[in-house]
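The values are calculated or read from the model by the stated rules, or taken from the named source; none is laboratory data. Note that the coordinates shown come from a computational prediction; the quantities given were computed from them, not determined experimentally. Using ideal geometry, Cβ is built from the backbone for each residue, glycine included, and neighbour counts are taken over all protein chains shown.
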Amino acid sequence: MERRRWVGAEPWSDGQLGCGGPGVARSAARPLGEADRDPQTAEILGAAVEVHCTLAREFLEAVYQRALCLELRQRGVPYVSEAPVPVRYKGEDLGCQYRADVICWPEDEPVLLELKALTRLTDVERAQVLHYVRASRIRRALLLNFGAERLEIQRFVNG
């Protein structure tokens, strides 16, 4: 089995996206990068920003998950919510699994989404996403934190 190399031990890109005031377009609080040119990631981020701008940061994670799934559905993005992610060892299923909050485009080029509603992200949440991505062998993941003043985004790629 081929070993995969992670692009860095940390997320390869991170930042925050926020809402403008009334009548003001949503704006990026970070420079646009390579991932912003990825149409799938851009579609997910657009949906996440819409949810964050509409609900702000006052709710529990489950509320954001349901709202994001509704927004993804309205945008025509295929997804699976609470997707089981089996853990394998040397090709064998260990009989235990993680549950990813959302996996978009599960049949094509999947993107795993882990949602949080915290005042700030820590290494614990980053490690959780790394475990999910390693177990699932999904190439791309987004850690989205709806609990911060601006939507926090951390991207991971398994390369």
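Failed condition for D93, given (1) in contact (Cβ under 8 Å) with a residue 12 or more places away in the chain; (2) part of a strand (DSSP E or B); (3) surrounded by fewer than 11 Cβ atoms within 10 Å (Cβ to Cβ), with all others met?
Only one criterion in (1) in contact (Cβ under 8 Å) with a residue 12 or more places away in the chain; (2) part of a strand (DSSP E or B); (3) surrounded by fewer than 11 Cβ atoms within 10 Å (Cβ to Cβ) is unmet by D93, namely (1).
Test Y89 against the stated conditions and say whether it is modelled with pLDDT of 95 or more and aromatic (F, W, Y).
Answer is no for this residue.
Does D108 fit the bill of being among the charged types (D, E, K, R) and over 14 Å from the mean Cα position of the chain (by Cα)?
The answer is yes for D108.
If I ask for residues that are outside any helix (DSSP H, G or I) and free of Cβ contacts under 8 Å to residues at least 60 places away in the same chain, which ones from the stretch 110-136 would you list?
Residues satisfying the conditions are P110, L112, E114, L115, K116, L118, T119, R120, L121, T122.
Can you tell me which residue in the stretch 102-127 is surrounded by the most Cβ atoms within 10 Å (Cβ to Cβ), limited to those that are touching a Lys or Arg at 6+ places or on another chain (Cβ under 9 Å) and of a type outside the set (V, I, T)?
Looking at residues that are touching a Lys or Arg at 6+ places or on another chain (Cβ under 9 Å) and of a type outside the set (V, I, T), I get L112.
Surrounded by 13 or more Cβ atoms within 10 Å (Cβ to Cβ), modelled with pLDDT under 90 and either within 15 Å of the chain's Cα centre (by Cα) or assigned to a loop (DSSP other than H, G, I, E, B) (or both), is that true of P11?
yes
Could you pull out the residue among R57, R66 that is more than 18 Å from D108 (Cα to Cα) and in contact (Cβ under 8 Å) with a residue 40 or more places away in the chain?
Of R57, R66, the one residue that is more than 18 Å from D108 (Cα to Cα) and in contact (Cβ under 8 Å) with a residue 40 or more places away in the chain is R57.
Would you mind finding the one in L94, L118, L55 that is more than 24 Å from D38 (Cβ to Cβ) and out of contact with any strand residue (DSSP E or B) (no Cβ under 9 Å at 6 or more places or on another chain)? Explain how you work it out, then say what you get.
Working: L94 fails: out of contact with any strand residue (DSSP E or B) (no Cβ under 9 Å at 6 or more places or on another chain); L118 fails: out of contact with any strand residue (DSSP E or B) (no Cβ under 9 Å at 6 or more places or on another chain).
Checking each option against the conditions leaves just L55.
Would you point out the residue of the stretch 41-82, among those that are modelled with pLDDT of 95 or more, in a loop (DSSP other than H, G, I, E, B) and more than 15 Å from the chain's Cα centre (by Cα), that is surrounded by the most Cβ atoms within 10 Å (Cβ to Cβ)?
F59
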